[in-house]
Structures are given as C-alpha cells and as structure tokens.
Amino acid sequence: MIFIHFALRNIRAYAARSLVTILLLSLTTAMLVFATAFMDGSHDKMLSNAVEIYPGYIQITHRDFRAKPSLDRLIFDVEAVARAVEATPGIAAAAPRFETFVLFAADEKAVGGMLSGVDFAAERRLSRLASSRTAGLYPEEDDSNQLYLGYELARRLQVEVGEQLAFVGTGADYSFAADNLVVAGIFRTGLFDFDATAAFVGKDYFDRVMAAANYASHFIVLPEDPRAADQVAAALNDRLDSDYVAESWRTTMEGLVQAMLVDSIFGYLTLAVIFIVIFFVVLIYTWLTVFARMREIGVLRALGTRPGQILQMLLAESVLLALVSVVLGGLIGAGLAWYFYLHPITLAMSEEVFKQYGLAASSMPTTFAPLLILRDMAVMFVLAVLSTLYPIIKANRLRPMEAMHHV
Amino acid sequence: MIHSKTLLVALCLLLLSSTAQALPAEDIIKRVEDNLNGETAYLQLTMVVQTKRSKRTMKMESWSKGAKKSFIRITYPGKDQGITFLKIENAMWQYVPRIERTIKIPASMMLQSWMGSDFTNDDLVRESSISEDYLAELQGEDETGYLIDLQAREEAPVVWGRIRMHVSRNYYLPTTVRYYDEDGQLVRILEYLEVQRYGERFYPSRWLMLPQSPDKAGHQTEVIIEDAVFDEEIDEAYFSKRALKRFSQ
C-alpha cells in the first residue's frame, strides 16, 4: 500500500506531467472505443441494408439451386414448404418468390432482366421494396399485370408509370411465355445492378402466365429475431424435405460477409499502426519524465530503497495513470458510441441522394456493445502499462551515484 | 499392249483416289454447309423438347435463303401459333402476336434457349458461318466419312472453342457434331440422322440435340423434318421485318 501512497503523491507532485499522460491516453482510448463502434456499426448497417433490401435473412431453395439455378431445381411444392415454415417457431413472416430471366421490350429494342412473381403484401415485411418506391404506386394485387419496375431498368426501357411494356421468356415448364405489363410503380434501392435488372409482378399472375402454380425458385423467411437466423434455418432444415435447404444470410451472402471481414481486418490494421505510434509516444514521454526524476531515484536508492521497491513505486504510478486514463477515455468513447447509436452519423453531402433510395443509407449508426468497449479499454490499459515498462526498468538499473549525478 | 492399258487405268484410279483423299478439310466443311443450307430451303419441322419434367411438341415452318436469311413461323401449339422469327445476317427479330410486338433479340440473349429447347438463339444465327469462324483440320477418315476438327479462329466472335464433326462420305452431310467450350469441356452433341431424299437433295430428316452438362441431364431436343423443298424460288418478302407480322397468321 505504501507504494500506492507514494505513487499518488508523485502523481500529484508532477501534476502537469500526469495531466498530459492522462490526456494522451484517455483521448487514445476514446478514439479506439469510438472507431471500433463506428466500424462495427457501419458494417452492421451495410449488411442489414444489403440483406433487408431484397435477399432476406433466410432463403429456402432446392438443394442445388444456388450453385446451378435451373428450372429443374425449383421448389415444386410451395404448399408443403409453407406448412414446414408455419410449423417452425421463431418466424415472423415468409413468402415464396419465383425469379426468372426474361426479355423486356417497350419498343423494338429489348433488354434482358429478372422478372419475379412475389406476394406484394408479404414483401412489405420481408423486403424494402415497398419503401424504395420513387414513383407511382406499390402494387397491391397479386393477380394483375401491374409491374413494379427498377429505376435503372425503367430508364433503359424509357418507360414511365402508367406506360406499357412486354416481356418474353420461358415458363416453368419450358414453354414460351409472353404478355403485356403496365408499369404501376418504380423503385430505387440504390443497388445499381438490382435496380437495372429487377421487376416484380404479383405471384398469382406470374403463376398463370409462366405455368408456375405451386412452384417457386425460393422462399424468403424473416425470423422474429434476425440475430437468430442461423438457429431458425437449422430448425427449418429439420422440417423440410431433403430436396430443400434453408440457409441464413451468412451463407447466401457469403461474399458480402467476407468483404466486411476483410474491411474489418484492414480497419484493425490501421488502428494497430496508430497504436504503435501512440505506444512509442507514451514510451518516449515516460522515458523523458522518468529520467527527469533520475536524481530523485538516486537519492531514494542512496537512502536504502531497494530497486524492486522503486520499480513497484514507478509501476504503481504507471498503473494508476493508465487506469484513470482508460476509464476516462472509455467513458468518453462509450458516451460517443451511445450518442451516435441513438443519433446515427449522417453524411450531409449525400443525404438527398440517399433519400431517393428510400434506404436512409446515409445514416451510419455506431454499435453500443459494452463487452467490446471493455475489451478496447483493456487493450489500451495493457498497452499503456507496457509502454512505460522499458524506461522504468532502464532507470532502475542505474547505480545510486550514477542516478544522483544524472542531469 | 493390254498390259500397258491396265497400267494406265490403274494409274488413273490411283490418281483419282489420291485426289479424293486430299480434299481439304475447308472444302469438306463448305460442301457440308452448302448441303445443309441449299440455295433456298423450305422446311416443315416438328420439334420435340424433352426435359426432366415434361415433353412438349412444337411445329413450325421455315424459309431460308443461303446461310444469311431465314424466317420461321410457329404453327403448333395453339398458344404459340403465329410467333415468327426473322434472321438476317447476324441479327434476329421475333414477333409475338399475343403482345403484338416485334422484338430484336439483343446480343446478350444469344445464348439463351430458343423456345425452351436445347437450341440457342445463337444456333439460328451463327451455325451457318462455321467455315468462316473456324479453322478446319482433317483428323481422320474411313470408308464411311471424315472426322473434322474445327478450332475457333482467335478473332471470331463464337461460342464454341472447338467443334468436332463427323461427315458422311456419301452425302457430305454431318452425322455427329460435338461442341466444346473454351476449356475443352464437351457441352453438347448434335446428331443428324436418317438421311432422306427431298427432290434432288439428300437431307437428314431427324436431328437430335443432346446436352452434356450434368445440370441438363434428362434433356434432349429432337427435330423431325416433315417436309423439305430445296432450291425453289422463295419470295424475298419473307426476309423483311414487315414479314414478321404479315406472315404471322
């Protein structure tokens, strides 16, 4: 306890030095906590955007459909899958979709795209199609030729709301399929490729013109708790026929998940470089302050204080300063993370553009995860104490006379 | 004297035989194309598309002039009746009575299935330009025919990296054509079967397209030539965009 008493006395005695150390370390800690919260928050936001716009948290498909999509690998009994979904707990909503590539034509010029038959009412919960509407109406009827068209595709076809276009394609039984469609509404999700290829009609209408009754290319499932998507997918697999498989977004969107992971790794590498710089700044600063007190250390040694006791005293100072700094910085960082969790950071320059997409993607909330904050505080604490070790040990090795004559 | 005459005949036969053997692969392919296309051709066809889950039959008529121009009208089943296709050079249009529209098939859709069959739009457009787009090499021959290896020319805008074609010696018509992708993977086999005489011309009366990729297991498309008339005058009006609607019914 005596060392803590001495350490506290020294911290007070060298108030300016202590204040600079505390400022340096607490600001660094706050920066780490906030950077982690922002990085994780923006990744979560981007992933949830990408998942919720259209692909959904869980997809049920034919076992081989994702690897090799084909009309031979459809869900051939939608009703049976629907029964399995109903029997599975933890599901908030689900609906079948049928996607197929067709040619759209407003005049002689044709454009390839993806025509999907969907349950428009269910999609209000399952995707962000409805909220991405930029013109016209979100179709309500599932048995009419009302088309909900991607913004870029509408631009390529040069059609507007109320105008007619046609599609030609292949039905579920490989027969020829064609019909005229009326543009009811136009959507813009902000995902360029999706907006440039996707168009939707009601599932009942689609089934009729594409000979697809009771067929689907996949089933979309929204779990009550999206974080439990893997568990719900596993529960579904227990109930589904072995021809079909339920997979969570972590599998269906593996590429995006990997991209986010790589981005996180680069983010942490950047932080690591910053920490190395900070480590050496603290080390040099401690070096200077310890050597400024060399005469005092020499006197203590001459009075009979053992090197181990001096080491403990200096370490106690270092630990106390680091502790105060990390707690202070942690609180500042956590406060910022909490504030921007409630009030997401908005990129003012792009806000108007993003609003057109109906995604509010310009707002990036931070995450507020106490465990992550404690982890970052612990990392900073260890780093701060380690950076003071070398100058303390080095100073402690000097003989008393050397230390006393040190200028 | 008799001895020298015999020697002369034998020499002539030998020369003739060596001339026949030396027929370049390019010439064989050219003759095959000429025999398949004719100057003009009118065909009545039945197409049977077999998939894992269904079997569909379509009937159609086809008018063609050389390799560059062709016109197809679907006559069966009722729901597809009147759909017409026009091919001029490498461009292709389609008229669909149900939507009352003429659509130009974009280049990006050329590899899509034609009418749900195992033939592609590209087959209708490019098949006739093999002699221009591929380098032909005679790989073997026997008493029944030739085996020609066709490698895609570097600059040629073609789908297949390589084609191996068996050609019958009797008719200079293909018997089996194997299509390989750029990685050398066999993608499909087209068999020309049952050569019959139509007027002055011999022509395969059954074509069988057999996709080889595992995801097409159980699929095949059979084309049966119900009737064929070659080298008779065909109205040029068939080969205009107006014809798509005009001859739809």
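Observations, loosely collected:
- Rounded to 0.05, the FRET efficiency of the residue A:124 and residue A:274 pair, given R0 = 56 Å and the Cβ-Cβ distance, is 0.80.
- Extension gain, residue A:394 back to residue A:241 (0.36 nm per residue minus Cα-Cα distance, nm): 48.1 nm
- Cα lying deepest toward the dipole's positive end in segment B:24-246, options B:81, B:40, B:139, charges on Cβ: B:81
- 5 angstrom amide H check on residue A:222, placed H, neighbours 5+ away: A:92, A:93, A:94
- Among the GluC sites (Glu not before Pro) in segment B:54-163, those placed in a DSSP loop whose Cβ has at most 10 other Cβ atoms within 10 Å are B:89, B:143, B:154, B:155.
- Model label points for residue A:23 and residue B:143, set 7 angstrom from Cα along the Cα-to-Cβ axis, are 10.4 nm apart.
- Mean sequence separation of contacting Cα pairs (under 8 Å, at least six apart), scaled by the length of segment B:24-246, corresponds to a relative contact order of 22 percent.
- The charge dipole of segment A:56-252, taken about the Cα centre with unit charges on the Cβ atoms of Lys, Arg (+1) and Asp, Glu (-1), comes to about 560 debye, rounded to the nearest 20.
- Loop-located chymotrypsin sites (Phe, Trp or Tyr not before Pro) in segment A:136-167, at most 11 other Cβ atoms within 10 Å (DSSP): none
- Cα-based helix-to-principal-axis angle, A:229-239 vs chain A, degrees rounded to 10: 40
- Long-range HN-HN contacts of residue B:187 with modeled amide H, under 5 Å: B:179, B:180, B:181
- Filter on A:203/B:79; B:59/B:104; B:30/B:52; A:109/B:65; B:79/B:241; A:45/B:216 - keep pairs with C-alpha separation over 30 Å: B:30/B:52; A:45/B:216
- Karplus-derived 3J(HN,Hα) values for segment A:164-176, using 6.51 cos²θ - 1.76 cosθ + 1.60 with θ = phi - 60°, are 10, 9, 10, 10, 10, x, 10, x, 4, 9, 6, 7, 6 Hz; glycine and proline are entered as x.
- Peptide B:97-110 is shielded by partner chain Cβ atoms: per residue, an average of 5 of them sit within 10 Å of its Cβ.
- Of all DSSP-defined beta bridges confined to the protein assembly as shown, some 90% are antiparallel rather than parallel.
- With respect to chain B, whose longest principal axis is taken over its alpha-carbon atoms, helix B:25-37 is tilted by about 40°.
- Residue-span extension gain [residue A:250 to residue A:339] - 0.36 nm each, minus C-alpha spacing: 29.2 nm
- Other-chain or far-sequence residues with amide H under 5 Å of residue A:198's (modelled H): A:114, A:150
- For peptide A:99-108, the mean count of partner chain Cβ atoms within 10 Å of a residue's Cβ comes to 3.
- Spin-label model distance (nm) - residue A:67 vs residue A:303, 7 Å beyond Cα toward Cβ: 7.8
- Axis angle, to the nearest 10 degrees, between helix B:2-21 and the longest C-alpha principal axis of chain B: 30 degrees.
- In straight-distance terms, cross-link reach from residue B:55 covers every one of the aspartates and glutamates whose alpha-carbon lies under 18 Å from its own, apart from those fewer than eight places away in the same chain; here that gives A:72, A:173, B:80, B:118, B:215, B:222.
- Farthest toward positive dipole pole in the protein assembly as shown [+1 Lys/Arg, -1 Asp/Glu at C-beta], among A:170, A:262, B:239: A:262
- For the protein assembly as shown, a simple Cβ point-charge model (Lys and Arg +1, Asp and Glu -1, everything else neutral) yields a dipole of about 3220 debye relative to the Cα centre.
- Along each principal axis, Cα extent of the protein assembly as shown, largest first, Å: 138, 78, 46
- Taking θ as phi - 60° and the Karplus parameters 6.51, -1.76 and 1.60, the scalar couplings of segment A:258-267 work out to 5, 4, 5, 4, 4, 4, 5, 4, 5, x Hz in sequence order, x denoting glycine and proline.
No value in this document is a laboratory result; all are computed from the given coordinates. Since this is a predicted model, take the numbers as computed values, not measurements. Backbone-built Cβ (ideal geometry, glycine too); neighbour counts: all protein chains shown.
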